[in-house]
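For reference, the structure discussed in these notes is given below.
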Amino acid sequence: MKFSLTWLKDHLQTEASLQEILDALNAIGLEVEGVEDPAQLLKGFQVAHVLSAEKHPDADKLQVLKVDTGEAAPLQVVCGAPNARAGMKGVLCSARELELGDDHDGIIELPEDASVGHSFADYQGSSPIIDVAITPNRPDCMGVYGIARDLAAAGLGTLKPIAFPKFEASGACPVEIRTDDPQGCPAFYGRVITGVTNGPSPDWLQQRLKSAGQRPISLLVDLNNNLMLAFGRPAHVYDLAKLSGAIVARRATPGEQVLALNEKTYTLDESMVVIADDTQVHDIAGIMGGEDSGVQDDTTDVLLEIAYFEPARIGVTGRKLGLASDARTRFERGVDPAFLQDGLDLLTGLIVELAGGTPSDDVHAGSPPSEPKVVPFDTALTACLGGVDVPGDEQRRILESLDFTVSGDWPKNGKVTCPL
């Protein structure tokens, strides 16, 4: 899993250096597989000021620019970018050429207050990207927030509280939502947001996704992916105009087919959980959404889905179909069943904040697993079994910082309630 240092510090208040963070990750079992420094790719590029732009005498699509780079004398540059003009500040390369995005229509433009000659890497504010290996028994660290929580428990800083954007729900959800397969999909939460404006994501969101190796697509899709990567909570956003009737989590019928978002058609069987409306399947539950109800640039009304799927069934379905996805990786390991409402509210709040719209009341179909597991705990076993002598009070601090509840006759005959 990849994430930027800046993204990590959105959730972790720490003064630790990059190397101290890397050492701590390895020490707590989150093996660091690599570190990238995007600033190295931009090394040597500077903010420039185009002093003049004249038509090239021998080519209709070229201009001859006089460019101030902060050095003693201006440079003469032949440029074919359509947006190059006298007075602009920028970098005489496209975003694609600098591997900052897909835009290749012109050179990168910067605000008028950009300092000529200043390092573009510093101006861009690039952040080191950390790549860690997450073992199958650590689904809690399949999001940046979970990794930050682990580092805080290791004494490397303080976990910041989750910032929930404010919004006001208005009226009942206009769509019936239910689960007809309580074993495969015990809980299905959702709500409708009307009047949204889709489009490109803001730079901060695009940079987050790129640091995780994701390609920004559109604001609605990117916010959905942000929730998954930040909190390990996959979700789905449907274009409401493309749905018909009730939205139901159910078993597929043998031979039923769905055109997935990867543009491949999959044939399903009765062991697989799907999300469907009155006419067709729209989602291979917990793995991949369908092409027919995906959001587009002109989408104005959406249905949000936050569900809990039985992990083993997701794994079996993925293997049968030969279909891998970021959502499957998380659902088959087990997502936090207590984070459905928070996940729905986070996604709703960010959509309303950035895309506008009016959210309906939420709908809860079914309920997630909620039986806490309580285990006896003897602090002396830490040294006996693990070979490390950790004081009882420190063990208690670590457990509580990871959301375990400690009770009983601590430290000899304590009880620990595991977080859901």
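Quick check on my filter: what residues within the stretch 243-265 are open to solvent by 50 Å² or more (accessible area, probe 1.4 Å) and aliphatic (A, V, I, L, M)? Within the stretch 243-265, LEU259, LEU261 qualify. State whether the residues of the stretch 83-91 include one that is open to solvent by less than 30 Å² (accessible area, probe 1.4 Å), closer than 30 Å to TRP204 by Cα and in contact (Cβ under 8 Å) with a residue 40 or more places away in the chain. Looking through the stretch 83-91, at least one residue is open to solvent by less than 30 Å² (accessible area, probe 1.4 Å), closer than 30 Å to TRP204 by Cα and in contact (Cβ under 8 Å) with a residue 40 or more places away in the chain.
For the stretch 14-39, taking the residues that are touching a residue at least 24 places away in the same chain (Cβ under 8 Å) and surrounded by fewer than 12 Cβ atoms within 10 Å (Cβ to Cβ), the one that is farthest from GLN124 (Cα to Cα) is identified as ALA27. Output the number of the condition that ARG96 fails; it satisfies all remaining conditions of (1) basic (Lys, Arg); (2) more than 28 Å from ALA16 (Cβ to Cβ); (3) touching a residue at least 12 places away in the same chain (Cβ under 8 Å). All conditions pass for ARG96, except number (3). Only one of the numbered conditions (1) farther than 30 Å from PRO202 by Cβ; (2) part of a loop (DSSP other than H, G, I, E, B); (3) open to solvent by 60 Å² or more (accessible area, probe 1.4 Å) is violated by ASP361, and that is (1). Considering the stretch 306-329, the residues that are assigned to a loop (DSSP other than H, G, I, E, B) and either open to solvent by less than 10 Å² (accessible area, probe 1.4 Å) or of a type in the set (Ser, Thr, Tyr) (or both) include one that is farthest from PHE188 (Cα to Cα), namely LEU323. Looking only at the stretch 155-190, residues that are under 17 Å from VAL237 (Cα atoms), β-branched (Val, Ile, Thr) and open to solvent by 40 Å² or more (accessible area, probe 1.4 Å) come to 0 in all.
Does the stretch 191-201 hold any residues that are open to solvent by less than 30 Å² (accessible area, probe 1.4 Å) and either free of Cβ contacts under 8 Å to residues at least 60 places away in the same chain or on the phi < 0 side of the Ramachandran plot (or both), and which are they? Across the stretch 191-201, the qualifying residues are ARG191, VAL192, ILE193, VAL196, ASN198, SER201. Residue count for the stretch 202-214 under the criterion of being part of a loop (DSSP other than H, G, I, E, B) and free of Cβ contacts under 8 Å to residues at least 12 places away in the same chain: the result is 0. The number of residues in the stretch 266-291 being of a type in the set (D, E, K, R) and surrounded by 17 or more Cβ atoms within 10 Å (Cβ to Cβ) comes to 2.
To keep it simple, each residue is scored yes or no on (1) surrounded by fewer than 17 Cβ atoms within 10 Å (Cβ to Cβ); (2) free of Cβ contacts under 8 Å to residues at least 12 places away in the same chain; (3) under 35 Å from the mean Cα position of the chain (by Cα); (4) closer than 30 Å to GLY171 by Cβ.
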| site | (1), (2), (3), (4) |
| --- | --- |
| VAL375 | yes, no, yes, no |
| ASP378 | yes, no, no, no |
| GLY387 | yes, yes, no, no |
| GLU394 | yes, yes, yes, no |
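Residue count for the stretch 108-154 under the criterion of being more than 25 Å from the chain's Cα centre (by Cα), among the hydroxyl-bearing types (Ser, Thr, Tyr) and open to solvent by 50 Å² or more (accessible area, probe 1.4 Å): the result is 1.
So which residues in the stretch 335-352 are of a type outside the set (Val, Ile, Thr), open to solvent by 20 Å² or more (accessible area, probe 1.4 Å) and either touching a His at 6+ places or on another chain (Cβ under 6 Å) or farther than 19 Å from GLN214 by Cβ (or both), if there are any at all? Reasoning before the result, please.
Let us first name the residues in the stretch 335-352 that are of a type outside the set (Val, Ile, Thr), namely 336-347, 349-350.
Next, only the ones that are open to solvent by 20 Å² or more (accessible area, probe 1.4 Å) stay: 336, 338-339, 341-342, 345, 350.
Answer for the stretch 335-352, where residues must be of a type outside the set (Val, Ile, Thr), open to solvent by 20 Å² or more (accessible area, probe 1.4 Å) and either touching a His at 6+ places or on another chain (Cβ under 6 Å) or farther than 19 Å from GLN214 by Cβ (or both): ASP336, ALA338, PHE339, GLN341, ASP342, ASP345.
Taking (1) closer than 18 Å to LEU41 by Cα; (2) in contact with a Lys or Arg (Cβ under 7 Å, 6 or more places away or on another chain); (3) surrounded by 19 or more Cβ atoms within 10 Å (Cβ to Cβ) in turn, LEU100 satisfies each apart from (2).
Has the stretch 49-63 got at least one residue that is within 21 Å of ASP113 (Cα to Cα), among the acidic types (Asp, Glu) and open to solvent by 30 Å² or more (accessible area, probe 1.4 Å)? Outline the logic, then answer.
In the first step, residues of the stretch 49-63 are kept if they are within 21 Å of ASP113 (Cα to Cα); the result is 49-53.
Retained after the next criterion (residues that are among the acidic types (Asp, Glu)): none.
No, the stretch 49-63 has no match at all.
The values are calculated or read from the model by the stated rules, or taken from the named source; none is laboratory data. In this text the structure is predicted, and so the values were computed from the model without any measurement. Because the Cβ atoms are built from the backbone with ideal geometry, glycine has one as well, and the counts that use them run over all protein chains shown. These area figures cover heavy atoms from the full protein model, side chains too; ligands, DNA and RNA do not enter into them. Shrake-Rupley method; radii C 1.70, N 1.55, O 1.52, S 1.80 Å.
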